[in-house]
Amino acid sequence: MSDAFRLATPADLDAIVTTLTSAFFHDPVWGPVFPDESRRAEQAAVLWRVYATSALRYPWTFVTPGAEAVVVWIPAGGVELTEEEERERPRLMERVAGAGVARAVEAAEASFGAAHPDEPFFHLTILGTRADHRGKGLGMALLSDTLTRLDAVGAAAYLESTNPANNRRYESVGFTPCAGITMPGGGTVTGMWRPAR
């Protein structure tokens, strides 16, 4: 790993949630899941905290020094959320944001899950850079650095690109489109695959 990047710890959780909330505020998929923009950051932060907290049980969440950029990998054979977290997520989101948002989150996750490849892969579940640090190459540098770790263990990688503007960036580090995922609320997410090296 580069000295510029490090393994995240539970002490980074608040900073990670802040970064992901900022990074995905206007995302074509995750933005509309929280339709009330005046409450979007507050509501989405609850969801990002669930994912980030759960991911920290694996040693595959990496950050820049101040967590301005975050990459979350779920290792092959792992799961994004535990069974208990999966059961609790819709109830939590309904309490925080209402039944409509809870349904939208579950529908998005079901669409993602249905498109997963059959063979083993490391799952890039989240890559985000805080809005005030965009344009510096932090996210892609962090991604490239962690892909080196995957290459060292001979692992294939898969991701869902929720923003078409990012597809070329992912292609530049070896991902190729492998699935078009039609989202319940409209729009298409691109499943992308990077073979083991």
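The values are calculated or read from the model by the stated rules, or taken from the named source; none is laboratory data. Remember, predicted model here, so these are calculated numbers, not experimental data. Glycine also receives a Cβ, built like all others from the backbone with ideal geometry; neighbour counts cover every protein chain displayed. Surface areas here come from the heavy atoms of the whole protein model, side chains and all, with no ligands, DNA or RNA. Shrake-Rupley method; radii C 1.70, N 1.55, O 1.52, S 1.80 Å.
Report, to the nearest whole %, how much of the accessible area of the range 1-124 belongs to carbon and sulfur atoms, 1.4 Å probe, protein only.
Values: 3160 of 5710 Å².
With neighbouring chains kept in place, the figure for the range 1-124 is 55 percent.
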*Provide the per-residue ³J(HN,Hα) series for the range 10-21, in order, calculated from phi with Karplus coefficients 6.51, -1.76, 1.60 and θ = phi - 60°, each as a whole number of Hz, with x at glycine and proline positions.*
x, 5, 8, 4, 4, 5, 4, 4, 4, 5, 5, 4
*Distant-in-sequence amide H partners of Ser161 (H built 1.01 Å from N, under 5 Å)*: Thr190, Gly191, Met192
*asked:* Suppose every Lys and Arg Cβ carries +1 and every Asp and Glu Cβ carries -1, with no other charges. What dipole size does the chain come out with about its Cα centre, to the nearest 20 debye?
replied: 340 debye
_Overall dimensions of the chain by Cα: Rg and Dmax, Å_ = 15.7, 45
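Which net charge results when you count Lys and Arg as +1 and Asp and Glu as -1 among the other residues whose beta-carbon is under 14 Å from that of Phe25?
Details: positive: Arg39, Arg40, Arg130, Arg134; negative: Asp27, Asp36, Glu37, Glu42, Asp132.
Within the 14 Å Cβ shell, the charges total -1.
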*Give me D for the range 93-194 in µm² s⁻¹, whole number, from Stokes-Einstein with Rh from the Kirkwood sum over alpha-carbon pairs, 10 °C and 1.306 mPa s.*
106 µm²/s
*Thr182: accessible area at probe 1.4 Å, nearest 10 Å²?*
100 Å²
*Karplus-derived HN-Hα couplings along the range 51-61 (A = 6.51, B = -1.76, C = 1.60, θ = phi - 60°), whole Hz, x at Gly and Pro*: 5, 5, 4, 5, 5, 5, 6, 9, x, 9, 10
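Rounded to the nearest 20 Debye, what is the dipole magnitude of the range 47-136 about its Cα centre when Lys and Arg each give +1 and Asp and Glu each give -1 at the C-beta?
Details: 10 positive and 13 negative charges, 89 e Å.
In debye, rounded to 20, the range 47-136 gives about 420.
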*Against the globular-protein guess of 2.2 N^0.38 Å, express the Cα radius of gyration of the range 43-114 as a ratio, rounded to two decimals.*
1.17
*If you roll a 1.4 Å probe over the heavy atoms of the protein chains, what accessible area per residue do you get for the chain, in Å²?*
46 Å²
